[in-house]
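Undergrad: Dumping the structure here so I can ask a few things about it.
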Amino acid sequence: MSMASISALGSTQKAVWESYTNEAHAIAVRSFGDTTALVAALSPESLQKIAALKKSNPAYKNLDNSVLYAIYVGRIAVQEAGWNATDNFGINMGSSRGATALFEKYHASFVAHQTAETLSSPTTTLGNISSWVAHDLQTEGPEISHSITCSTALHALLNGVAWIQAGMSTKFLVGGSEAALTPFTIAQMKALKIYAKEETAYPCRSFDLTKKKNTLVLGEGAAVVCLEQGIQEKALAVITGMGYATEVLTHSVSISTEAVCFQKSMRMALENTPVEEIDAIVMHAPGTVKGDLSETRAIQKVFGNHQPFLTTNKWKLGHTFATSGMLSVELAVCMLQQQQAIAVPFAAPQKHPQKLKKILVNAVGFGGNAVSVLLEK
C-alpha cells in the first residue's frame with residue numbers, strides 16, 4: 001500500500017505530515033466572481049506542479065483540474081508502489097463535482113452564443129478521471145469512475161477491495177479528485193446555509209460540538225492509495241475491516257440525529273474487532289452543527305464507555321468532497337506510521353492513546369451514504 005495526495009497541505013507526504021504537526025490551517029478568503037468565500041486552495045507551489053503537468057502533454061491542455069490532480073497523484077503513488085504498466089492494475093477514481101470548472105466555462109459560452117464548443121462533452125464526463133489516469137500510466141486494467149458525493153473515495157476503496165477479493169485483479173489504484181473551488185459550486189454551498197461566514201482564527205469549526213453556526217469550508221485536491229492482495233512487506237497499513245450503509249432519505253442533504261448510517265457502517269467494519277481495541281477515529285465531521293453532532297452521537301452509540309480518541313482534518317484543509325475520505329485515510333496512515341495522534345486544537349481535550357494500532361476512518365455523502373474503514377498497523 002502506497003499513497004499520494006495533493007491538497008492545501010502540500011503535494012508530498014513530508015509536507016503533509018509537517019502540516020499536521022502544527023496547529024495552523026490552510027483556509028483563506030478568495031474571490032469568486034462578484035463574491036468571496038473562505039476556501040482551502042492548493043498552494044502556488046502545488047499549482048505550479050499542476051501547470052507543468054498540463055504543459056507536459058498537448059493532450060492535457062484541455063483537461064479540467066480534477067483530472068490533472070488525479071493524474072499527478074496517480075503517478076506518484078504507482079511509482080512508490082513499484083507498479084508497472086504490465087501489471088494491468090485497476091483504477092477506480094471518483095469525484096463529486098467532476099469537471100465543474102470546465103462545465104461552468106462551456107455553459108457560459110453556450111448561454112452567450114447558443115452553440116456548444118466541440119470539447120464541451122468529452123472533457124466534462126465523469127469517466128475522464130479514471131480513463132485519463134489509465135492513459136497516463138499506460139495500464140490496461142479496468143477503469144471505473146463514479147460519484148457518491150462526499151464518500152466517493154472510500155466507496156472506490158471498497159470497490160477496489162471487492163475486485164481483489166473476487167480474484168478479478170491483484171492491484172487497484174483507488175481514490176478521489178476534486179477541483180470544485182468555482183463560483184457556481186461556492187454559490188451552491190452557500191445556498192444550503194451551511195457555509196462558514198466569519199474569518200476567525202479557525203473558520204471551520206469541525207468537531208467543535210459547542211458551535212451554534214454551520215462552518216463548512218470547501219477545499220480541493222486529490223488523494224489515492226495503491227491496494228495489493230495480501231500483506232506486503234512494505235505495506236503502510238492493512239485494511240482489516242470495512243462497512244457501509246445508506247439511510248432511508250428524510251432530507252436530501254442530511255442524516256438522522258444519531259447518524260444511523262454511521263452506526264451501521266462502523267459496526268460492520270468492527271464485526272471481528274472488539275470496540276475497546278480501536279485507538280482512534282478519523283471522523284467525517286464536515287463542520288456543520290448537525291453533521292458533527294450526529295456522527296458523535298453515532299460513535300457514542302457504537303462505542304459506549306470505550307470511546308476512542310477522536311479527530312478530523314477539515315478544520316485544516318476544508319471539505320474536499322469526493323477526496324475527503326481518502327485524505328482522512330492519509331491522516332490515519334500517517335498517525336499509524338508516526339505513532340502520534342493529531343488533535344483538533346479547539347476541540348474538548350482528550351486523553352491521547354499510548355499507542356496507535358487500529359484506526360477507524362469515516363466518510364458520508366449527501367443522503368446518508370456512509371463508509372467506515374478499519375486500518376491496522
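Undergrad: Mean separation of Cα pairs under 8 Å and 6+ residues apart, divided by the residue count of the range 26-135: what relative contact order is that in percent?
TA: 24 percent
Undergrad: When DSSP assigns beta bridges and you keep just the ones with both residues in the range 3-228, what percent turn out antiparallel, to the nearest 5?
TA: Here the share of antiparallel DSSP bridges comes out near 60 percent.
Undergrad: Label-point separation (nm) for THR257 and ALA201, each offset 7 Å from Cα along Cα-to-Cβ?
TA: 3.3 nm
Undergrad: Here is a further query. Give the order of SER294, SER121 when sorted by the count of other beta carbons within 10 angstrom, beginning with the fewest.
TA: On the way: SER294 22, SER121 10.
Sorted ascending by nearby Cβ count, the order is SER121, SER294.
Undergrad: Give the order of SER95, SER31, SER2 when sorted by the count of other beta carbons within 10 angstrom, beginning with the fewest.
TA: Lowest to highest Cβ neighbour count: SER31, SER2, SER95.
Undergrad: Looking only at the chain, where both bridge partners belong to it, what percent of the DSSP beta bridges are antiparallel (to the nearest 5)?
TA: The antiparallel fraction comes to roughly 65 percent.
Undergrad: Now a separate question. Please give the peptides 325-335, 54-64 ranked by average Cβ packing (other Cβ atoms within 10 Å per residue), highest first, as a rough proxy for protection.
TA: Descending mean neighbour count gives 325-335, 54-64.
Undergrad: Over the chain, what relative contact order in percent results from Cα pairs under 8 Å that are six or more residues apart?
TA: On the way: 892 pairs, mean separation 81.8, N = 377.
Over the chain, the number comes to 22 percent.
Undergrad: Let me ask another. Let's test the formula: R0 of 45 Å, r as the Cβ-Cβ distance of ALA343 and GLU140. What FRET efficiency results, to the nearest 0.05?
TA: Plugging the Cβ-Cβ distance into 1/(1 + (r/R0)^6) gives 0.50.
Undergrad: Additional query: How much length would be gained if the chain were fully extended between ALA108 and GLU277, taking 0.36 nm per residue of separation minus their Cα-Cα distance, in nm to one decimal?
TA: Full extension from ALA108 to GLU277 adds 55.5 nm.
Undergrad: Moving on. What list of ³J(HN,Hα) values in whole Hz, one per residue of the range 63-71 in order, does the Karplus curve 6.51 cos²θ - 1.76 cosθ + 1.60 (θ = phi - 60°) give from phi, with Gly and Pro shown as x?
TA: Per residue, the Karplus-derived 3J(HN,Hα) values read 8, 6, 4, 4, 7, 5, 4, 5, 4 Hz.
Undergrad: Continuing with this model, one more query. May I ask you to sort HIS135, HIS25, HIS146 by Cβ crowding, counting other Cβ atoms within 10 Å and putting the fewest first?
TA: Starting with the residue having the fewest Cβ neighbours, the order is HIS135, HIS146, HIS25.
Undergrad: Next up: Note down the nm distance, to one decimal, between modelled labels 7 Å out along Cα→Cβ at HIS352 and at SER121.
TA: Output for this residue pair reads 5.6 nm.
Undergrad: Take LYS55 and GLU233, extend 7 Å from each Cα along the Cα→Cβ direction, and tell me the distance between the two endpoints in nm.
TA: Result for the modelled spin labels: 4.1 nm.
Undergrad: Report the residues of the range 54-76 in range of a label on GLN48: point 7 Å along Cα→C-beta, backbone N strictly under 11 Å from it.
TA: none
Undergrad: Students often forget the sequence filter, so: which lysines lie under 30 Å Cα-Cα from LYS54 once same-chain residues fewer than 8 apart are removed?
TA: Candidates past the 8-residue exclusion: LYS14, LYS105, LYS171, LYS314, LYS316.
Undergrad: I need the phi-derived Karplus couplings for the range 11-20: 6.51 cos²θ - 1.76 cosθ + 1.60, θ = phi - 60°, integer Hz, Gly and Pro marked x.
TA: 10, 10, 5, 5, 5, 4, 5, 4, 5, 5
Undergrad: Nothing charged except the Cβ atoms of Lys and Arg (+1) and of Asp and Glu (-1): what's the magnitude of the dipole of the chain about its Cα centre? Round to the nearest 20 debye.
TA: So the magnitude is around 700 debye.
Undergrad: Under the Karplus relation 6.51 cos²θ - 1.76 cosθ + 1.60, θ = phi - 60°, what is the ordered set of whole-Hz ³J(HN,Hα) values for the range 133-145, x standing for Gly and Pro?
TA: 5, 4, 4, 5, 8, 6, 8, 10, x, x, 10, 9, 10
Undergrad: With the dipole of the range 120-199 worked out from charges on the C-beta (+1 for Lys and Arg, -1 for Asp and Glu) around the Cα centre, which of THR149, ASN159, TYR195 lies farthest toward the positive end?
TA: TYR195
Undergrad: Same structure again: Out of LEU154, LEU216, LEU53, any idea which swings most in a Gaussian network model of the chain, alpha carbons joined below 10 Å?
TA: LEU53
Undergrad: Hey, what did the range 227-369 get for relative contact order, percent, Cα under 8 Å, at least 6 apart?
TA: Relative CO of the range 227-369 lands at 34 percent.
Undergrad: First obtain the Kirkwood hydrodynamic radius of the chain from its Cα pairs, then insert it into the Stokes-Einstein equation at 4 °C and 1.567 mPa s, and state the resulting D in µm² per second as a whole number.
TA: Translational diffusion coefficient: 63 µm²/s.
Each reported figure results from applying straightforward, stated rules to the coordinates on display, with no laboratory input. Everything numeric in this text was worked out from a predicted model, so none of it was measured. Because the Cβ atoms are built from the backbone with ideal geometry, glycine has one as well, and the counts that use them run over all protein chains shown.
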